[in-house]
Amino acid sequence: MTKVDSFRGRTVLMFSHVAGMVDMVALPLWVGVLVQHYKFDPQQAGGLVTLFLIAIVLASITLAPRFDRLPRRWMATMGYAITAVAFFAASKSVAFPVLALLHFVGGLGVGCGLSITHGVIGRSSNPHRLFAMAQFALGVFAVLFFGGVPKLMATNGGQTLFLVFAVLMVIAVIATGLSFPVGETRSTEMQAHHDASKIPSAAWFAIAGVLLLALNQAMMFSFVERIGVDHQFGQERVNMVLVAVGFINLLPAVMAVGMQRMLSAKTVGLVAPILQAALAMTITQAETFEVYAAAASVYVFVMIFTHVFLFGLIAKLDPSGRAAASTPAMNMTGSAIGPFLGGTLVVGFGYTAIGYAIVVIGLIVLFCVSRIKVAADSTVDPMRRAVPI
């Protein structure tokens, strides 16, 4: 039996995380392919991706409460197998209704596999470190993805994107089917103080914080490229910023591991919305390229770094893994709502409205995170309180 904290177990979980989070990497290219190759209008293209994200959320909120009672290896393998078939079929289809169904089915499969994966990571001996490793793997994949896939598409057509997705899911199927970790390594002390019938209220405050931070992330980053171009900074220079973002995003997971014992998760959670708001206001109102580039290049960094800390906190507050298993729902809800909300604000009030909206949402995040310590005092035993939260 593969153990969670063995080399094989961690490697499988990293592969599974990358496969499940592929939309976070491929979203700009995904929408572009649907518009350019499949000839859909932007609303239809965005709608297909939104269907995929909604399906992930539905699968996650359905499975997460039942995580500790599910056959984990079988569920993860089955989920990615379903998505592999859906993406392969999508590479052979051009009709919008068919692609809509395939996107929804594929999202359900990914939501299943990713929820199980994050729940198991939450049951590891050090969820903070293992989730950071998975995020770093995703960053490496992003660099490789943008370095190779556009060239493959230029040679073989836009449907190549879905074939690449399908191959990635097949790799996840093989990895999870052969060695998905099923052992549990959380300490008996942590389990002894856990009420199996209820997720602690402190965990819910942390979950709300992650969801809202993800909403701010999606709302701002969806329009970073357009803001730069519309501010007359030049398409080529804006593209250089996006390339820089990919490399910079390799750093936050590594830094989060190194600073695990130096920083409190609560402190990181309180600082994050302030940084998001400051950077968003800078990006939307920058008058020079240098200011815009500096703020845009580190915007995603804030979310990745903070998410590692809050994931570790959520896993400690709920050792059952159920709250950690809801991570896809937290992320994808924000990813699904953010672009639509941001676009609505831009149409009605201009780009600066995004910055002000992020300030308002950030205040709600501050409230949620500030409540974590108060609620946690009644749910975390003294030994666990000694670990900074």
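Laboratory data are not the source of any read-out in this text; all were calculated from the coordinates shown. From a predicted model like this one, the values you see are computed outputs, not experimental measurements. Every residue, glycine among them, receives a Cβ derived from its backbone with ideal geometry; neighbour counts consider all protein chains shown.
Here are some notes:
- Theoretical FRET efficiency, 1/(1+(r/R0)^6), r = Cβ-Cβ of Lys92 and Thr267, R0 35 Å, to 0.05: 0.10
- P(r) weight above 19 Å for the stretch 192-385, C-alpha pairs, percent: 60 percent
- The C-alpha radius of gyration of the stretch 65-134, expressed as a fraction of 2.2 N^0.38 Å, stands at 1.34.
- Once each of the trypsin sites (Lys or Arg not before Pro) sitting in a DSSP loop with at most 14 other beta-carbon atoms within 10 Å is removed, the chain keeps 262-389 as its longest stretch.
- Sorting Val308, Val245 from the fewest to the most surrounding beta carbons within 10 angstrom yields Val245, Val308.
- Residue-wise HN-Hα coupling along the stretch 21-31, computed from phi with Karplus coefficients 6.51, -1.76, 1.60 (Hz; x: Gly, Pro): 9, 4, 5, 5, 8, 8, 3, x, 5, 4, 5
- Contact order for the stretch 1-111, expressed relative to its length and based on alpha carbon pairs under 8 Å spaced 6+ residues apart, stands at 32 percent.
- All lysines inside 24 Å of Lys266 as judged from Cα atoms, apart from same-chain residues fewer than 8 positions distant: Lys198, Lys316, Lys373
- Candidate lysines for bridging to Lys151, where Cα separation is under 26 Å - those fewer than 8 sequence places away on the same chain excluded: Lys39, Lys92
- Evaluating 6.51 cos²θ - 1.76 cosθ + 1.60 at θ = phi - 60° for every residue in the stretch 240-248, the Karplus couplings come out as 5, 5, 5, 5, 4, 4, x, 6, 5 Hz, glycine and proline recorded as x.
- Cβ-derived FRET efficiency at R0 30 Å, Thr352 paired with Leu251, nearest 0.05: 0.55
- Each of Cys368, Cys112 was scored by other Cβ atoms within 10 Å of its Cβ. Listed from fewest to most, they are Cys368, Cys112.
- Sorted ascending by nearby beta carbons within 10 Å, beginning with the fewest, Val365, Val300, Val229 become Val229, Val300, Val365.
- Mean residue ellipticity (222 nm) of the chain, computed from DSSP H runs ≥ 4 via -39,500 (n - 2.57), nearest 500: -26000 deg cm²/dmol
- Taking label points 7 Å from Cα along the Cα-to-Cβ direction, Val229 and Lys3 give a separation of 5.2 nm.
- Per residue, the average separation of C-alpha pairs within less than 8 Å and at least 6 apart gives the chain a relative contact order of 27 percent.
- Across the stretch 7-185, the mean sequence separation of Cα contacts (distance under 8 Å, 6 or more residues apart), normalised by length, yields a relative contact order of 40 percent.
- Computed over the stretch 41-190, the convex hull of the alpha-carbon atoms projects to a mean area of 9.9 nm².
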